[in-house]
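Enquirer: Take a look at this one; I'll ask things after.
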Amino acid sequence: MHGGKVVVSHKGMANSRNPTVQTISFSSPHTLEKKFSRMTADPEWRNGYVDFKMARNIEFWYRDVLECIKYLLGRQSYGGNMLWSPVREFDASGKQVYTEMNTGN
């Protein structure tokens, strides 16, 4: 920290060879704490057990899907890469293709 500024460097999603520098400003420890509190933590891993005919008590690991969605929506670095409406995509012959969840009419 120097002069009330923190510089965070991370690799940009569009081109990993060109790092993007983002400056986060704050005027007091309280302001900085407020910025940190708005950040979401990684969704926590949970585990469970399931029984099958051939095997019992098999452990599996998962994350809550709603926590994952909140986590992703809270990331500013993904903001420019999220699509909020359907997108029409076409192949070389002009036929519409459906390749991702947001491709549609």
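Enquirer: Work out, step by step, the length gained on full extension between Ser77 and Ala41: first 0.36 nm times the residue separation, then minus their alpha carbon distance; give nm to one decimal. Walk me through the numbers before you get to the answer.
Expert: Numbers: separation 36, 0.36 × 36 = 12.96 nm, distance 1.47 nm.
Between Ser77 and Ala41, full extension yields 11.5 nm more.
Enquirer: What length, rounded to one decimal in nm, is gained on full extension from Glu33 through to Arg88, with 0.36 nm per residue of separation minus their alpha-carbon distance?
Expert: Details: separation 55, 0.36 × 55 = 19.80 nm, distance 4.25 nm.
Roughly 15.5 nm would be gained on extension.
Enquirer: I would also like to ask the following. By how many nm would the segment from Leu66 to Thr99 grow when fully extended, if each residue of separation counts as 0.36 nm and the alpha-carbon distance is taken off? Please report the intermediate quantities before stating the final value.
Expert: Values: separation 33, 0.36 × 33 = 11.88 nm, distance 2.36 nm.
Difference between extended and current length: 9.5 nm.
Enquirer: Can you check what the net charge comes to around Glu100, using other residues whose Cβ is under 15 Å from the Cβ of Glu100 (Lys, Arg +1; Asp, Glu -1)?
Expert: Details: positive: Arg88; negative: Glu89, Asp91.
The answer is -1.
Enquirer: Antiparallel DSSP bridges in segment 34-105: what percent, to the nearest 5? Don't skip to the answer; put the middle values down first.
Expert: Values: 8 of 9 bridges.
Antiparallel: roughly 90 percent of the beta bridges in segment 34-105.
Enquirer: On to the next question. Out of residues 5 or more away from Thr103 or on other chains, whose amide H comes under 5 Å of its own, with H placed 1.01 Å from N in the peptide plane?
Expert: Val87
Enquirer: Around Tyr62, under 12 Å between beta carbons, what's the net of Lys plus Arg minus Asp minus Glu among the other residues?
Expert: Numbers: positive: Arg46, Arg63; negative: Glu44, Glu59, Asp64, Glu67.
Residues near Tyr62 contribute -2 overall.
The numbers here are math on the coordinates, done by the rules we state, and not lab data. Because the structure is a prediction, the values reported are computed rather than measured. Ideal geometry is used to build each Cβ from the backbone, glycine not excepted, and the neighbour counts take in all protein chains shown.
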